[in-house]
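The values are calculated or read from the model by the stated rules, or taken from the named source; none is laboratory data. Everything numeric here is computed off the predicted structure, so don't read it as measured data. Glycine gets a Cβ as well: all are built from the backbone with ideal geometry, and neighbour counts include every protein chain shown.
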Ligand code: SF4
Ligand code: SF4
C-alpha cells in the first residue's frame, strides 16, 4: 500500500490562503490513507476541526472507495457536487495519485493534505516498512528475496559497503546490513546469486517516468494483454 | 607506467599516504602535505569529497600532486556521480596523467555536510572496477571501442576487521575478479585479522596495502568510535592512547609497531596521518622503512 504522512499544517493553510479559500471540501481515501490513518473518517474529522479553528468552513466531506481510481472519484465528486460547488477549494487527504485524480475530476483548486512517502509493507497494524521501490527490473531472484535496491540505504547491488560493522548498517544503525542478510539467506538455502557473482548495473530506463500500463487492446477491449508497460 | 604498480609487481614494500583537497581554491595546505608526504611515499591518495563533505575535486587536486613531482592515487566515489559522469571523469583522469585509481562506494550523504543531497550510487564500487578495467582494454561500459583507452592501476577498499569476515572475503574476491589489482584496507588494529585476510586474499594475486591510522589523541579515538562508520578502535589500544602522558608520541610508537608487524604479511602500508604529516617520517624510520 501507499504510505502517507500528515503534511505540515501551516503549509496547508498557506495553500488555502493563496486562493483565498474560506470554504473547503475535504476528501479522503478509503484504501491506503485509511489504513495508514492519515485520510480516513477520523482524520477528516480532525482536519475539519482544525480548519474551523482557522476560520475556514467545511462545506462537506467524502471518503471515496479508492481516491486514485478515476471512475470512482468522478462518481464521488458528482455525488457531492453541491457541497463542492459551494467550496472555494478541495483538500485531499490521500497520496499524490489520489490528489491528482480529484484535481482531474473537479474544476476547483485542489490541494494535497498529506505527504506521500513510500510503497509500504504492513508489518503489523500501524507499522509500515518500505521493501520495494518498483524498479522495473526485479533482482530478488538473485538476492534471496531481500531487496538491496530498497533496503540498503545506498541501494547498492553489490555489498556490503565499507560502513558495515558487525553486520550492522552504516546508515540506519539499528538495522542489519542488507548484504549480510542476503549472504546469510543464500547460504542457508545453498544458493549462489549475489554471493558468487557481480550483479550488473541497473537499467534505469526500466523505471522512466511516467510509468504506464495498458492491458486493453487498441479498440479499448479489456484483457487483450497487448498493452505496453514502461 | 604507474610507479605504484611497478613497485607492487617488483614485490617492493610500498608506502602510500593521503592528502585532502581544500574546501575552496587555496591549495597551500594541501601542497604542504604533499611536500611532506610525497618524498616518503610511492604514491599519495587524493580523497574525493571524503566523509560526504564538500571539497575541491580529486581530479584537479590529483593533478596538483603530479605537477609537484609525486604520484597521485585518484580516488573516485560512487556517491556523487552517475555512470556517464564516472566514465567521463575516468577518461579525463587518464588524459591528465593520473595512472592510479582507487574506487570506493562513498559514505552516505546523510552523514556528511550536505545531508539533503541525493546519494547517486548509480553504480557500486565493484561495478565501477569492472567498468574501469574495460576502459583499460579500450572499451566503455557498453562494450564500445573508444578512441583511446586508459591504463589505470586499479585499486579498491577492503575491510579485514569488519565482521562477518566470510561476507567481506567474498565481496573482496568479487572485486578482484572485477579488476582490483590492489586493496588499501581500512585501518588495521588487529594484526591477526589482517593476517587472516592476507592468507585468504593473496592467492587471488591481489596486493594488500594495510591501513595505518595515527591515533594522535584520545579525541580521535572517541571520534572514530562514535562517528566513523565501519571502524572501531579496540579497547586496549584506545586505553593506551588515553592513558599516555604524551598521546601523540604514544600513537607514533603504536603506528611504528603496527608497520613493523605488517612488514612481514602485507604488500605495503597506507598511512592516514590525520593532520600530523610530520610524524609519518618518524613512523617509517622507526619501522626501518627509510
Ligand atoms: S528489485 Fe527491489 S525495488 Fe526492484 S522490483 Fe524487486 S523488490 Fe522492487
Ligand atoms: S551497511 Fe550494508 S545496508 Fe547499510 S548502506 Fe552499507 S551496504 Fe547498504
In region A:187-202, how many residues are facing chain B (nearest Cβ under 8 Å), in contact with a helix residue (DSSP H, G or I) (Cβ under 6 Å, 6 or more places away or on another chain) and more than 21 Å from residue B:108 (Cβ to Cβ)? 2
Just to verify a result, which residue in region A:126-146, among those that are in contact with a strand residue (DSSP E or B) (Cβ under 8 Å, 6 or more places away or on another chain) and outside any loop (DSSP other than H, G, I, E, B), is nearest to residue A:5 (Cα to Cα)? A:128
Output for Cβ contacts, cut-off 6 Å, separation at least six or different chains, first residue within 11 Å of another protein chain (Cβ to nearest Cβ) in region B:110-127, second surrounded by fewer than 16 Cβ atoms within 10 Å (Cβ to Cβ), reads B:120/B:82; B:122/B:82
Checking the condition more than 17 Å from residue A:159 (Cβ to Cβ) and part of a strand (DSSP E or B), which residue from B:56, B:91, B:102, B:84 passes? B:102
Spot the failing condition for residue B:88; the list is (1) without any contact (Cβ under 8 Å) to a residue 24 or more places away in the chain; (2) within 23 Å of residue B:267 (Cα to Cα), and only one is missed. (2)
For region A:171-184, give me the residue count where each residue is surrounded by 17 or more Cβ atoms within 10 Å (Cβ to Cβ) and either closer than 23 Å to residue A:205 by Cα or more than 10 Å from ligand 2 (Cβ to nearest atom) (or both). 2
Among all residue pairs at least 6 apart or on different chains, which show Cβ distances below 7 Å where the first residue, located in region A:121-143, is at positive phi and the second is more than 16 Å from ligand 2 (Cβ to nearest atom) and part of a strand (DSSP E or B)? A:134/A:119
I need a count of the residues in region A:128-165 that are facing another protein chain (nearest Cβ under 7 Å), within 14 Å of residue A:199 (Cβ to Cβ) and more than 7 Å from ligand 2 (Cβ to nearest atom). 3
Mind listing just one residue for me: the one in region A:173-186 that is facing another protein chain (nearest Cβ under 9 Å) and part of a loop (DSSP other than H, G, I, E, B) and, of those, nearest to residue A:199 (Cα to Cα)? A:177
In region A:153-192, anything within 24 Å of the chain's Cα centre (by Cα) and more than 10 Å from ligand 1 (Cβ to nearest atom) is listed as A:153, A:154, A:156, A:171, A:172, A:175, A:178
Taking the conditions exactly as written (farther than 22 Å from residue A:207 by Cβ, at pLDDT below 95 and within 14 Å of ligand 2 (Cβ to nearest atom)), does residue A:168 satisfy them or not? no
Residues to consider are A:137, A:129; find the one that is under 16 Å from the mean Cα position of the chain (by Cα) and either within 9 Å of ligand 1 (Cβ to nearest atom) or closer than 30 Å to residue A:172 by Cα (or both). A:129
Selection within region B:95-109 - touching a helix residue (DSSP H, G or I) at 6+ places or on another chain (Cβ under 8 Å) and surrounded by fewer than 24 Cβ atoms within 10 Å (Cβ to Cβ): B:96, B:97, B:99, B:104, B:108, B:109
Without any contact (Cβ under 8 Å) to a residue 40 or more places away in the chain, closer than 21 Å to residue A:11 by Cα and surrounded by fewer than 16 Cβ atoms within 10 Å (Cβ to Cβ): which single residue out of A:46, A:65 fits that description? A:46
Residue check: is residue A:149 surrounded by 17 or more Cβ atoms within 10 Å (Cβ to Cβ), within 14 Å of ligand 1 (Cβ to nearest atom) and in a helix (DSSP H, G or I)? yes
Across region A:22-37, the tally of residues that are crowded, with 22+ Cβ neighbours inside 10 Å and under 13 Å from residue A:91 (Cα atoms) stands at 6
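Within region A:145-157, is there a residue that is outside the structural domain of residue A:30 (by TED's automatic domain parsing), over 23 Å from residue B:81 (Cα atoms) and at pLDDT below 95?
no
Looking for something away from ligand 2 (no atom under 14 Å from the Cβ) and outside any loop (DSSP other than H, G, I, E, B) - is there at least one such residue anywhere in region A:207-219?
Yes: region A:207-219 contains one or more residues that are away from ligand 2 (no atom under 14 Å from the Cβ) and outside any loop (DSSP other than H, G, I, E, B).
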